[in-house]
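J.: Could you have a look at this structure, given as C-alpha coordinates, before my questions?
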Amino acid sequence: MSRPKSLKLSQCAAAIVTGAGSGIGRSFALELARRGGTVLCVDIQQERAAQTAAQVDELGGRGIAYTCDVGDEKQFAKLASKADALLGRATTVVVNNAGVGVGGRIGDVSLEDWRWCLSVNLWGVIHGCHEFAPRFRKLGYGGIINTASAAGFAAAPEMTTYNVTKSAVLSLSETLSAELSGTGVHVSALCPTIVPTNIINESRFPSDRKTFAAKAMEKWAFTNSGEVARQTLDAMDRNQLYVLPQWDGRLMWRAKRALPQLYARALGFSYRLAAD
Ligand SMILES: NC(=O)c1ccc[n+]([C@@H]2O[C@H](COP(=O)([O-])OP(=O)(O)OC[C@H]3O[C@@H](n4cnc5c(N)ncnc54)[C@H](O)[C@@H]3O)[C@@H](O)[C@H]2O)c1
(Lines give C-alpha, C1' and ligand atoms only; values in the text may rest on other atoms or scores of the structure.)
Protein backbone atom coordinates (compact mmCIF):
# COMPACT_ATOMS: atom_id res chain seq x y z
CA MET A 1 0.00 0.00 0.00
CA SER A 2 1.40 3.42 -0.88
CA ARG A 3 1.87 6.07 1.74
CA PRO A 4 2.31 9.80 1.10
CA LYS A 5 6.07 10.52 1.23
CA SER A 6 5.46 13.73 3.19
CA LEU A 7 3.84 11.78 6.04
CA LYS A 8 6.31 10.81 8.75
CA LEU A 9 6.03 7.33 10.28
CA SER A 10 5.00 8.73 13.66
CA GLN A 11 2.19 10.77 12.09
CA CYS A 12 -1.27 9.20 11.86
CA ALA A 13 0.27 5.84 12.75
CA ALA A 14 -1.56 2.59 13.35
CA ALA A 15 0.57 1.68 16.32
CA ILE A 16 1.07 -1.05 18.89
CA VAL A 17 2.72 -0.02 22.16
CA THR A 18 3.58 -2.71 24.70
CA GLY A 19 3.81 -1.85 28.38
CA ALA A 20 1.45 1.01 27.51
CA GLY A 21 -0.18 0.98 30.94
CA SER A 22 2.50 3.02 32.67
CA GLY A 23 5.65 5.13 32.37
CA ILE A 24 7.47 5.34 29.06
CA GLY A 25 4.95 3.09 27.26
CA ARG A 26 2.04 5.31 28.28
CA SER A 27 3.99 8.36 27.10
CA PHE A 28 4.61 6.70 23.72
CA ALA A 29 0.88 6.02 23.37
CA LEU A 30 -0.05 9.60 24.28
CA GLU A 31 2.55 11.14 21.98
CA LEU A 32 1.34 8.95 19.10
CA ALA A 33 -2.19 10.15 19.88
CA ARG A 34 -1.04 13.78 19.70
CA ARG A 35 0.36 12.96 16.26
CA GLY A 36 -3.07 11.69 15.12
CA GLY A 37 -2.51 7.98 15.65
CA THR A 38 -4.62 4.97 16.50
CA VAL A 39 -2.93 3.07 19.31
CA LEU A 40 -3.31 -0.50 20.51
CA CYS A 41 -2.38 -0.07 24.17
CA VAL A 42 -0.98 -3.44 25.26
CA ASP A 43 -0.25 -4.30 28.87
CA ILE A 44 -0.34 -7.31 31.16
CA GLN A 45 -2.55 -5.25 33.47
CA GLN A 46 -5.94 -4.76 31.88
CA GLU A 47 -7.00 -1.75 33.96
CA ARG A 48 -3.85 0.20 33.17
CA ALA A 49 -4.16 -0.51 29.46
CA ALA A 50 -7.75 0.77 29.58
CA GLN A 51 -6.67 3.97 31.39
CA THR A 52 -4.08 4.73 28.71
CA ALA A 53 -6.54 3.98 25.91
CA ALA A 54 -9.00 6.45 27.46
CA GLN A 55 -6.26 9.10 27.63
CA VAL A 56 -5.42 8.47 23.97
CA ASP A 57 -9.08 9.13 23.12
CA GLU A 58 -9.07 12.35 25.15
CA LEU A 59 -6.13 13.59 23.08
CA GLY A 60 -8.04 13.06 19.84
CA GLY A 61 -6.45 9.76 18.85
CA ARG A 62 -8.13 6.37 19.06
CA GLY A 63 -7.05 4.07 21.85
CA ILE A 64 -7.78 0.36 22.11
CA ALA A 65 -6.86 -1.51 25.29
CA TYR A 66 -5.46 -5.01 24.91
CA THR A 67 -4.30 -7.38 27.64
CA CYS A 68 -1.33 -9.58 26.82
CA ASP A 69 1.77 -11.02 28.43
CA VAL A 70 4.37 -10.12 25.79
CA GLY A 71 6.66 -12.91 26.97
CA ASP A 72 4.07 -15.55 26.08
CA GLU A 73 4.56 -16.71 22.50
CA LYS A 74 0.94 -17.76 21.94
CA GLN A 75 -0.54 -14.59 23.45
CA PHE A 76 1.76 -12.43 21.33
CA ALA A 77 0.98 -14.37 18.14
CA LYS A 78 -2.75 -13.87 18.83
CA LEU A 79 -2.19 -10.14 19.38
CA ALA A 80 -0.25 -9.89 16.10
CA SER A 81 -2.95 -11.75 14.17
CA LYS A 82 -5.69 -9.44 15.50
CA ALA A 83 -3.79 -6.14 15.42
CA ASP A 84 -4.73 -4.93 11.91
CA ALA A 85 -8.43 -5.66 12.47
CA LEU A 86 -8.38 -3.89 15.86
CA LEU A 87 -6.53 -0.88 14.45
CA GLY A 88 -8.79 -0.75 11.38
CA ARG A 89 -5.87 -0.91 8.93
CA ALA A 90 -2.36 -2.32 8.57
CA THR A 91 -0.12 -1.80 11.58
CA THR A 92 2.62 0.73 10.75
CA VAL A 93 4.51 1.20 14.05
CA VAL A 94 5.42 -1.23 16.83
CA VAL A 95 6.95 -0.06 20.09
CA ASN A 96 8.37 -3.07 21.94
CA ASN A 97 8.61 -1.39 25.30
CA ALA A 98 7.23 -3.59 28.11
CA GLY A 99 9.92 -4.29 30.66
CA VAL A 100 10.64 -5.21 34.27
CA GLY A 101 13.60 -4.75 36.60
CA VAL A 102 15.63 -7.39 38.39
CA GLY A 103 18.62 -6.51 40.58
CA GLY A 104 21.20 -8.44 42.59
CA ARG A 105 24.57 -10.12 42.16
CA ILE A 106 25.10 -13.13 39.92
CA GLY A 107 24.48 -16.20 42.07
CA ASP A 108 22.09 -14.31 44.34
CA VAL A 109 19.40 -13.65 41.72
CA SER A 110 17.18 -16.72 41.51
CA LEU A 111 16.90 -18.51 38.19
CA GLU A 112 13.17 -17.89 38.36
CA ASP A 113 13.83 -14.13 38.38
CA TRP A 114 16.28 -14.54 35.48
CA ARG A 115 13.57 -16.31 33.48
CA TRP A 116 10.95 -13.67 34.31
CA CYS A 117 13.22 -10.80 33.27
CA LEU A 118 14.32 -12.53 30.05
CA SER A 119 10.73 -13.44 29.26
CA VAL A 120 9.43 -9.85 29.40
CA ASN A 121 12.48 -7.76 28.43
CA LEU A 122 13.96 -9.99 25.77
CA TRP A 123 11.35 -12.48 24.55
CA GLY A 124 8.72 -9.72 24.50
CA VAL A 125 10.92 -7.77 22.06
CA ILE A 126 11.84 -10.89 20.06
CA HIS A 127 8.13 -11.70 19.64
CA GLY A 128 7.40 -8.15 18.43
CA CYS A 129 10.24 -8.17 15.89
CA HIS A 130 9.53 -11.74 14.78
CA GLU A 131 5.90 -10.92 14.03
CA PHE A 132 6.22 -7.45 12.54
CA ALA A 133 9.57 -7.24 10.71
CA PRO A 134 8.31 -9.54 7.89
CA ARG A 135 4.97 -7.69 7.67
CA PHE A 136 6.65 -4.29 7.43
CA ARG A 137 9.14 -5.58 4.86
CA LYS A 138 6.19 -6.72 2.74
CA LEU A 139 4.35 -3.44 3.29
CA GLY A 140 7.44 -1.47 2.23
CA TYR A 141 7.48 0.75 5.30
CA GLY A 142 6.99 0.73 9.06
CA GLY A 143 8.71 1.65 12.29
CA ILE A 144 10.04 -0.59 15.04
CA ILE A 145 11.13 0.96 18.32
CA ASN A 146 12.75 -1.36 20.84
CA THR A 147 13.15 -0.03 24.36
CA ALA A 148 16.61 -1.11 25.45
CA SER A 149 18.42 0.93 28.11
CA ALA A 150 21.77 2.53 28.89
CA ALA A 151 22.06 -0.60 31.06
CA GLY A 152 22.65 -2.44 27.79
CA PHE A 153 26.15 -0.97 27.55
CA ALA A 154 26.92 0.55 30.96
CA ALA A 155 27.41 -2.83 32.74
CA ALA A 156 26.48 -1.50 36.20
CA PRO A 157 27.25 -4.09 38.91
CA GLU A 158 24.38 -5.92 40.64
CA MET A 159 22.16 -5.43 37.60
CA THR A 160 23.43 -8.34 35.53
CA THR A 161 20.08 -9.87 34.72
CA TYR A 162 18.60 -6.59 33.51
CA ASN A 163 21.85 -5.61 31.73
CA VAL A 164 21.93 -8.90 29.83
CA THR A 165 18.38 -8.44 28.52
CA LYS A 166 19.06 -4.87 27.44
CA SER A 167 22.35 -5.56 25.66
CA ALA A 168 20.56 -8.38 23.82
CA VAL A 169 17.80 -5.95 22.78
CA LEU A 170 20.48 -3.56 21.53
CA SER A 171 22.15 -6.32 19.51
CA LEU A 172 18.80 -7.46 18.11
CA SER A 173 17.98 -3.89 17.04
CA GLU A 174 21.39 -3.34 15.43
CA THR A 175 21.10 -6.55 13.43
CA LEU A 176 17.50 -5.88 12.44
CA SER A 177 18.39 -2.37 11.31
CA ALA A 178 21.06 -3.80 8.97
CA GLU A 179 18.70 -6.51 7.68
CA LEU A 180 15.97 -3.97 6.93
CA SER A 181 18.27 -1.37 5.43
CA GLY A 182 16.81 0.12 2.26
CA THR A 183 13.39 -1.51 2.75
CA GLY A 184 11.67 1.62 4.07
CA VAL A 185 11.39 0.07 7.54
CA HIS A 186 13.01 2.11 10.31
CA VAL A 187 14.46 0.57 13.49
CA SER A 188 15.34 2.55 16.62
CA ALA A 189 16.77 1.34 19.93
CA LEU A 190 15.93 3.56 22.88
CA CYS A 191 18.67 3.66 25.54
CA PRO A 192 17.63 5.90 28.43
CA THR A 193 19.35 6.22 31.79
CA ILE A 194 16.99 7.07 34.64
CA VAL A 195 13.41 8.06 33.80
CA PRO A 196 10.91 8.48 36.64
CA THR A 197 8.27 5.74 36.22
CA ASN A 198 6.80 2.83 38.22
CA ILE A 199 9.57 0.41 37.26
CA ILE A 200 11.24 0.26 40.69
CA ASN A 201 7.95 -0.52 42.51
CA GLU A 202 7.38 -3.47 40.22
CA SER A 203 10.95 -4.73 40.13
CA ARG A 204 12.54 -7.64 41.97
CA PHE A 205 15.49 -6.15 43.86
CA PRO A 206 16.94 -7.03 47.28
CA SER A 207 15.04 -4.64 49.63
CA ASP A 208 18.03 -2.35 50.49
CA ARG A 209 18.84 -2.03 46.77
CA LYS A 210 15.23 -1.22 45.97
CA THR A 211 15.34 1.73 48.40
CA PHE A 212 18.64 2.89 46.86
CA ALA A 213 17.23 2.61 43.32
CA ALA A 214 14.07 4.50 44.29
CA LYS A 215 16.19 7.31 45.76
CA ALA A 216 18.39 7.39 42.67
CA MET A 217 15.29 7.71 40.53
CA GLU A 218 14.17 10.73 42.57
CA LYS A 219 17.59 12.42 42.59
CA TRP A 220 19.14 11.67 39.23
CA ALA A 221 16.32 11.85 36.75
CA PHE A 222 17.09 14.70 34.38
CA THR A 223 14.18 14.12 32.04
CA ASN A 224 10.67 12.68 31.95
CA SER A 225 8.95 9.93 29.99
CA GLY A 226 7.06 12.40 27.76
CA GLU A 227 10.28 13.98 26.53
CA VAL A 228 11.85 10.55 25.99
CA ALA A 229 8.87 9.41 23.88
CA ARG A 230 8.91 12.61 21.80
CA GLN A 231 12.63 12.36 21.07
CA THR A 232 12.39 8.67 20.21
CA LEU A 233 9.50 9.07 17.77
CA ASP A 234 11.37 11.91 16.07
CA ALA A 235 14.47 9.68 15.89
CA MET A 236 12.40 6.87 14.33
CA ASP A 237 11.14 9.32 11.70
CA ARG A 238 14.80 10.12 10.83
CA ASN A 239 15.66 6.37 10.77
CA GLN A 240 18.13 6.92 13.62
CA LEU A 241 19.12 3.63 15.22
CA TYR A 242 20.60 4.73 18.54
CA VAL A 243 18.46 6.96 20.75
CA LEU A 244 20.28 8.25 23.82
CA PRO A 245 18.02 10.97 25.15
CA GLN A 246 20.13 11.99 28.18
CA TRP A 247 23.59 13.53 28.53
CA ASP A 248 24.74 11.01 31.19
CA GLY A 249 23.91 8.13 28.83
CA ARG A 250 25.77 9.79 25.97
CA LEU A 251 28.79 10.34 28.24
CA MET A 252 28.92 6.66 29.30
CA TRP A 253 28.43 5.53 25.70
CA ARG A 254 31.38 7.62 24.49
CA ALA A 255 33.64 6.77 27.44
CA LYS A 256 33.13 3.04 26.97
CA ARG A 257 33.69 3.17 23.22
CA ALA A 258 36.79 5.36 23.47
CA LEU A 259 38.47 3.60 26.42
CA PRO A 260 36.78 0.24 27.06
CA GLN A 261 39.46 -1.26 29.35
CA LEU A 262 39.73 1.91 31.44
CA TYR A 263 35.94 2.03 31.65
CA ALA A 264 35.82 -1.57 32.98
CA ARG A 265 38.59 -0.86 35.55
CA ALA A 266 36.88 2.34 36.73
CA LEU A 267 33.60 0.48 37.12
CA GLY A 268 35.20 -2.23 39.28
CA PHE A 269 37.15 0.32 41.31
CA SER A 270 34.09 2.47 42.06
CA TYR A 271 32.08 -0.65 42.97
CA ARG A 272 34.79 -1.77 45.47
CA LEU A 273 34.93 1.75 46.89
CA ALA A 274 31.14 1.88 47.38
CA ALA A 275 31.14 -1.58 49.00
CA ASP A 276 33.86 -0.66 51.57
N1 LIG B 1 12.40 3.98 33.96
C2 LIG B 1 13.68 3.91 33.67
O3 LIG B 1 14.55 4.49 34.35
C4 LIG B 1 14.12 3.11 32.48
C5 LIG B 1 15.43 3.28 31.99
C6 LIG B 1 15.84 2.56 30.90
C7 LIG B 1 14.96 1.70 30.26
N8 LIG B 1 13.72 1.55 30.74
C9 LIG B 1 12.84 0.59 30.05
O10 LIG B 1 11.64 1.27 29.67
C11 LIG B 1 10.60 0.31 29.50
C12 LIG B 1 9.35 0.79 30.19
O13 LIG B 1 9.59 0.82 31.59
P14 LIG B 1 9.01 1.94 32.55
O15 LIG B 1 10.16 2.54 33.25
O16 LIG B 1 8.06 2.79 31.84
O17 LIG B 1 8.29 0.98 33.64
P18 LIG B 1 6.80 0.92 34.19
O19 LIG B 1 6.85 -0.14 35.25
O20 LIG B 1 6.33 2.27 34.56
O21 LIG B 1 5.97 0.39 32.93
C22 LIG B 1 6.11 -0.91 32.43
C23 LIG B 1 4.78 -1.46 31.97
O24 LIG B 1 5.00 -2.75 31.40
C25 LIG B 1 3.95 -3.61 31.82
N26 LIG B 1 4.39 -5.00 31.75
C27 LIG B 1 5.20 -5.66 32.62
N28 LIG B 1 5.31 -6.93 32.27
C29 LIG B 1 4.59 -7.10 31.13
C30 LIG B 1 4.32 -8.21 30.30
N31 LIG B 1 4.84 -9.42 30.57
N32 LIG B 1 3.53 -8.02 29.22
C33 LIG B 1 2.98 -6.81 28.96
N34 LIG B 1 3.18 -5.73 29.73
C35 LIG B 1 3.99 -5.87 30.81
C36 LIG B 1 3.64 -3.17 33.24
O37 LIG B 1 2.36 -3.60 33.66
C38 LIG B 1 3.78 -1.65 33.12
O39 LIG B 1 2.52 -1.05 32.80
C40 LIG B 1 11.15 -1.01 30.04
O41 LIG B 1 11.58 -1.83 28.97
C42 LIG B 1 12.33 -0.57 30.87
O43 LIG B 1 13.29 -1.59 31.01
C44 LIG B 1 13.25 2.23 31.82
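The values are calculated or read from the model by the stated rules, or taken from the named source; none is laboratory data. Since the structure is predicted, the reported quantities are computational estimates derived from the model, not experimental observations. No Cβ is skipped: glycine too gets one built from the backbone with ideal geometry, and neighbour counts run over all protein chains shown. Note: accessible area is taken over every heavy atom of the protein model, side chains too, but ligands, DNA and RNA are not part of it. Shrake-Rupley method; radii C 1.70, N 1.55, O 1.52, S 1.80 Å.
J.: Tell me, which residue of the range 151-190 that is touching a Lys or Arg at 6+ places or on another chain (Cβ under 8 Å) and either closer than 19 Å to Val120 by Cβ or in a helix (DSSP H, G or I) (or both) is most open to solvent (accessible area, probe 1.4 Å)?
T.: The qualifying residue most open to solvent (accessible area, probe 1.4 Å) is Thr160.
J.: On to the next question. Go through the range 48-98 and give me each residue that's part of a loop (DSSP other than H, G, I, E, B) and within 19 Å of the chain's Cα centre (by Cα).
T.: Cys68, Asp69, Val70, Gly71, Asp72, Thr91, Thr92, Asn97, Ala98
J.: Only one of these conditions is not met by Leu233: (1) surrounded by fewer than 18 Cβ atoms within 10 Å (Cβ to Cβ); (2) in a helix (DSSP H, G or I); (3) in contact with an Asp or Glu (Cβ under 8 Å, 6 or more places away or on another chain). Which number is it?
T.: The number of the failed condition is (1).
J.: Still on this structure: Which of the numbered conditions does Leu172 fail, given that it passes all the others? Conditions: (1) within 11 Å of the ligand (Cβ to nearest atom); (2) more than 26 Å from Ala213 (Cα to Cα).
T.: (1)
J.: If you don't mind, there's one more thing I want to ask. Taking the options Ala221, Ala189, Ala213, name whichever one is under 12 Å from Asn239 (Cα atoms) and either touching a residue at least 12 places away in the same chain (Cβ under 8 Å) or of a type in the set (Gly, Ala, Ser) (or both).
T.: That would be Ala189, the only listed residue that is under 12 Å from Asn239 (Cα atoms) and either touching a residue at least 12 places away in the same chain (Cβ under 8 Å) or of a type in the set (Gly, Ala, Ser) (or both).
J.: While we're here: Among the residues of the range 46-75, which ones are small (Gly, Ala, Ser), over 22 Å from Val125 (Cα atoms) and in contact with a helix residue (DSSP H, G or I) (Cβ under 6 Å, 6 or more places away or on another chain)?
T.: Gly61
J.: Consider only pairs whose beta carbons are under 6 Å apart and that are at least six residues apart or on different chains; among these, list those whose first residue lies in the range 47-76 and is closer than 18 Å to Gly36 by Cα and whose second residue is surrounded by fewer than 19 Cβ atoms within 10 Å (Cβ to Cβ).
T.: Leu59/Arg34; Gly63/Asp57; Ile64/Leu86; Ala65/Ala50
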